[in-house]
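Written below as structure tokens is the structure these notes are about.
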Amino acid sequence: MRKLIDLSDKLSNDTTSFELSPHQIRYFDHKAGTQQVKEVLGLGEETFPNGIAWATEEVVLNTHSGTHVDAPYHYGPLSGDQPAKTIDQVPLEWCYGDGVVLDMRHKKIGEAITEKDLQSELERIGYPLKPLDITLIHTGASTFFDQPGYAFKQPGLNRAATEWLVDQGIKLIGIDAWGLDRPFDRMAVEAKEGKGQFWEAHLVGREKEYCQIEKLCNLDQIPKPYGFKISAFPINIKDASAGWSRVVAIIEE
């Protein structure tokens, strides 16, 4: 038996008004398709049964809208002393492999998820990380996805935690929140007060190469913390900093 669990957020106009990376979906129904056929091909409605043609949609969005994979290029032009990979250069081997879910739902909104937090959870579930494991951080923030302000409702990895994961050979880190870092509003206040580095988790990618999945959901539906596969192949966009992904957990029973 194979069970597939969709870990991807759904793009909808319902969230456009408060999404920090806004998008817009225009829907053209079958009747509108009939008009398209007439304008482009000169064919009348009698061409199709019941006088209706195809339905289509037009979507305008940012590459960081919805569930997506960030490429190293998103963090800066260089990763170490090499040009940072764009999303079309990311090895597919990074995007499919053994998954592990680390439960961080005990962390409060705005709190940092530390290296110690990660290590304690791995010890609790009895799992040693290995290179290319796809590591998913479960914060519970995805429950706010359809609510205004959801982009500011998660704990996030700090620099040390991110760097530790990358040092274990992890190339793809996922989180069920708007971003991998702590919320922008918290980091911005600290940066203005000289108390912290803004965007600290992402900036690790300027030194050590890795990717991340943002806006995951349904991590609570994965029935075990490890022993499953993750597929997170991004859309192939030339020279882009990110690509949308239909992320799926694959469980063999």
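The values are calculated or read from the model by the stated rules, or taken from the named source; none is laboratory data. What you see is a predicted model; the values in this text were computed from it and never measured. Note that we place each Cβ from the backbone using ideal geometry, even for glycine, and neighbour counts take in every protein chain shown. We work out accessible area using only protein heavy atoms, side chains counted, and drop any ligands, DNA or RNA first. Shrake-Rupley method; radii C 1.70, N 1.55, O 1.52, S 1.80 Å.
Some observations on this one:
- The one condition in (1) under 17 Å from residue 94 (Cα atoms); (2) touching a strand residue (DSSP E or B) at 6+ places or on another chain (Cβ under 7 Å); (3) among the polar types (S, T, N, Q) that residue 142 fails to fulfil: (1)
- Residues of the stretch 38-51 satisfying the condition of being open to solvent by 50 Å² or more (accessible area, probe 1.4 Å) and out of contact with any Gly (no Cβ under 7 Å at 6 or more places or on another chain): 39, 40, 41, 42, 43, 46, 47, 48, 49, 50
- Count of residues meeting criterion [closer than 25 Å to residue 15 by Cα and either part of a helix (DSSP H, G or I) or of a type in the set (A, V, I, L, M) (or both)] in the stretch 158-188: 9
- Scanning the stretch 163-176 for residues that are touching a strand residue (DSSP E or B) at 6+ places or on another chain (Cβ under 7 Å) and either closer than 24 Å to residue 18 by Cβ or of a type in the set (Val, Ile, Thr) (or both) turns up 170, 173, 174, 175, 176.
- Residues that are more than 21 Å from residue 139 (Cα to Cα), touching an Asp or Glu at 6+ places or on another chain (Cβ under 9 Å) and open to solvent by less than 70 Å² (accessible area, probe 1.4 Å), drawn from the stretch 172-202: 196
- From the list 89, 35, the lone residue that is within 30 Å of residue 236 (Cβ to Cβ), open to solvent by 50 Å² or more (accessible area, probe 1.4 Å) and over 17 Å from the mean Cα position of the chain (by Cα) is 89.
Each row is one residue, and each column tells you yes or no for (1) outside any strand (DSSP E or B); (2) more than 25 Å from residue 123 (Cβ to Cβ).
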{"residue": "202", "(1), (2)": "yes, yes"}
{"residue": "209", "(1), (2)": "yes, yes"}
{"residue": "229", "(1), (2)": "no, no"}
{"residue": "236", "(1), (2)": "yes, yes"}
{"residue": "243", "(1), (2)": "no, yes"}
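- Within the stretch 52-74, not a single residue is closer than 25 Å to residue 10 by Cβ, surrounded by 15 or more Cβ atoms within 10 Å (Cβ to Cβ), touching a Lys or Arg at 6+ places or on another chain (Cβ under 7 Å) and of a type in the set (Phe, Trp, Tyr).
- On inspection, residue 104 does not qualify as at pLDDT below 95, of a type outside the set (Gly, Ala, Ser) and either under 25 Å from residue 220 (Cα atoms) or in contact with a Phe, Trp or Tyr (Cβ under 7 Å, 6 or more places away or on another chain) (or both).
- Entry remark, the stretch 132-157: residues being within 15 Å of the chain's Cα centre (by Cα) and either closer than 15 Å to residue 70 by Cα or in a loop (DSSP other than H, G, I, E, B) (or both) number 7 in total.
- Some residue of the stretch 212-222 being in contact (Cβ under 8 Å) with a residue 40 or more places away in the chain, touching a strand residue (DSSP E or B) at 6+ places or on another chain (Cβ under 6 Å) and over 19 Å from residue 139 (Cβ atoms): no
- Picking from residues in the stretch 8-23 that are open to solvent by 100 Å² or more (accessible area, probe 1.4 Å) and not in a loop (DSSP other than H, G, I, E, B), the one that is nearest to residue 138 (Cα to Cα) is 14.
- Residue under evaluation residue 233, criteria (1) without any contact (Cβ under 8 Å) to a residue 24 or more places away in the chain; (2) closer than 19 Å to residue 95 by Cβ, criterion not met: (1)
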